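The values are calculated or read from the model by the stated rules, or taken from the named source; none is laboratory data. It should be emphasised that the depicted structure is a prediction, and the values quoted were computed from it without experimental measurement. Methodologically, a virtual Cβ is constructed for each residue, glycine included, from the backbone with ideal geometry; neighbour enumeration extends over all protein chains shown. Side chains are part of the model used for accessible areas, which takes the heavy atoms of the whole protein and leaves out ligands, DNA and RNA. Shrake-Rupley method; radii C 1.70, N 1.55, O 1.52, S 1.80 Å.
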Amino acid sequence: ESLVRTFTPFYFLVEPLDVLAVRGMSVIMNCSAQCETPPRIEWRKDGSLLNLVSDDRRQLLPDGSLLINSVVHSKHNKPDEGYYQCVATVDSLGTIVSRTAKLTVAGK
């Protein structure tokens, strides 16, 4: 009996790109991963996983993209600006991490 495991394709269809956001507007960081088992998508900002469950401003869209409503940016509070990565996990296969995309906020 053959023990050869067939290779299961698991890859990003879309990875996030650097984006210039405008304070008070919404912005989408695009991400989509492909696998026969639907991957679990999470987002990292500056290396830390975002907890999107109780977040009223940031949400995970069905395709895996990250929507940030009403970008916040002030002299002392820059919660949205930074470096984002999309993280896709399929438990039986492992995790893949997207390229790093920089979100910059433009002044008014």
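Within segment 51-101, the set of residues being within 15 Å of Ala33 (Cα to Cα) and either outside any loop (DSSP other than H, G, I, E, B) or in contact with a helix residue (DSSP H, G or I) (Cβ under 8 Å, 6 or more places away or on another chain) (or both) comprises Leu60, Leu66, Gln85, Cys86, Val87, Ala88, Thr89, Val90, Gly94, Thr95, Ile96, Val97. Of the residues screened, Thr104 is not one that is of a type in the set (Val, Ile, Thr) and assigned to a loop (DSSP other than H, G, I, E, B).
Of everything in segment 57-108 that is open to solvent by 70 Å² or more (accessible area, probe 1.4 Å) and of a type in the set (Asp, Glu), the residue that is nearest to the chain's Cα centre (by Cα) is Asp63.
Applying a threshold of 8 Å to beta carbon distances and a minimum spacing of six or more residues, or different chains, the list of pairs starting in segment 14-43 at a residue that is over 24 Å from Lys78 (Cβ atoms) and ending at one that is open to solvent by 80 Å² or more (accessible area, probe 1.4 Å) and outside any loop (DSSP other than H, G, I, E, B) reads Ser32/Leu13; Ala33/Tyr11; Ala33/Leu13; Gln34/Tyr11; Gln34/Leu13; Cys35/Tyr11.
Please tell me if Ser26 is of a type in the set (Gly, Ala, Ser), out of contact with any Phe, Trp or Tyr (no Cβ under 9 Å at 6 or more places or on another chain) and under 17 Å from Tyr83 (Cβ atoms). In short, no. Within segment 15-44, which residues are open to solvent by less than 30 Å² (accessible area, probe 1.4 Å) and in a strand (DSSP E or B)? Ala21, Val27, Met29, Ser32, Ala33, Ile41, Trp43 - these are the residues of segment 15-44 that are open to solvent by less than 30 Å² (accessible area, probe 1.4 Å) and in a strand (DSSP E or B).
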